[in-house]
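Note sheet for the following structure.
The values are calculated or read from the model by the stated rules, or taken from the named source; none is laboratory data. The model shown is predicted, which means the values in this text are computed figures rather than measured ones. When we count neighbours, we look across all protein chains shown, and the Cβ atoms used for this are built from the backbone with ideal geometry, even at glycine. For the accessible areas, the whole protein counts, side chains as well, though only heavy atoms, and no ligand, DNA or RNA atoms are used. Shrake-Rupley method; radii C 1.70, N 1.55, O 1.52, S 1.80 Å.
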Amino acid sequence: MADDDSEEAALARAWEERARSPMQRFFVASHPGWSDEAAWERCAWRDAAALMFGVGADRLARARVLEMGCGVGRLARLVAARAAKYDGFDIAPSMVADAVRTVAPVAPTAEILVGDGSGPPPPFDERSYDLIYAWAVFIHVSRDIAMRNLAALVKVLAPDGQLRAQFFADLTDPTVTRAYFDMDQGPPAFESLPDDVSVGADAEEPGEDAPEVVALTASSEERPDYIGHNWRIDELRAALEGLGAPGELDVRLERLEPRIVYALVRRIPSRDR
């Protein structure tokens, strides 16, 4: 367990405080439309489709999945219902409690636990996973915390397993890379929005008491709990490849917009090295 004065503990206390507010249903960060049910559902489906792009439905149905930073179960509810086994964890107990209630009806075998901010909690740290993801997680933390958690996640990544995550890009880095979305084939696990998800009127605007929306370009001084390390592409690639032995990890990065880099790390089976 992290010490009470550690950076992980301070971050956990900050998230837990924010999780007590009404805005917790939408990322626990501030986004327009957080109180609109249709906006919640549309955003969850679109993020799940982006997260699982290239993962076939059959592969997901066989996969043991681990989610770092599951929050209140926004994506967990969709993923767990389609995976062979789902485990998730977060650092805020109240969010984990919400996630358990959200996921249980669609995935009774799912396990969702509170972590200490340093990696998967027991018993997840002794298991093996075919798919690990951290959506909108590493954009919140320092380089040191990111590397500590990434190392712990790679340890539980199965041969041929994938780790998928987002990172902030250094806006001064002109590098463009397109090597992420070419993995699996077959019917997608998530297609476009299903017929029963409303795509009608725009989300209602937050009321006067809603938190102020803060742009992703805000400085770390303005939003220390939101802004993570700004990675240069070469720096991120080297850091991710360094999590394994030489030739063990296949790292693919996709920079679809200037600010965000999507990373896919695959553990290459020993027979293929």
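Structure above, values below:
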read-out: The range 100-133, residues that are assigned to a strand (DSSP E or B) and at pLDDT below 95; value: 114
read-out: Residue satisfying condition, being open to solvent by 10 Å² or more (accessible area, probe 1.4 Å) and modelled with pLDDT of 85 or more, within set 80, 97, 50, 38; value: 97
read-out: Hey, residue 243 within 18 Å of the chain's Cα centre (by Cα), at pLDDT 65 or above and not in a strand (DSSP E or B) or not; value: no
read-out: Residue 250 vs. criteria in a loop (DSSP other than H, G, I, E, B) and at pLDDT 90 or above; value: no
read-out: Filtered residue count, the range 156-171, keeping only those that are open to solvent by less than 10 Å² (accessible area, probe 1.4 Å) and in contact with a Pro (Cβ under 8 Å, 6 or more places away or on another chain); value: 2
read-out: Some residue of the range 172-191 being touching a helix residue (DSSP H, G or I) at 6+ places or on another chain (Cβ under 8 Å), modelled with pLDDT of 95 or more, open to solvent by less than 30 Å² (accessible area, probe 1.4 Å) and not small (Gly, Ala, Ser); value: no
read-out: Output for the range 56-73, where each listed residue is closer than 16 Å to residue 157 by Cα and over 11 Å from the mean Cα position of the chain (by Cα); value: 59, 60, 62, 63, 64, 65
read-out: Qualifying positions in the range 224-267 - open to solvent by 30 Å² or more (accessible area, probe 1.4 Å), aliphatic (A, V, I, L, M) and in contact with a Leu (Cβ under 7 Å, 6 or more places away or on another chain); value: 243
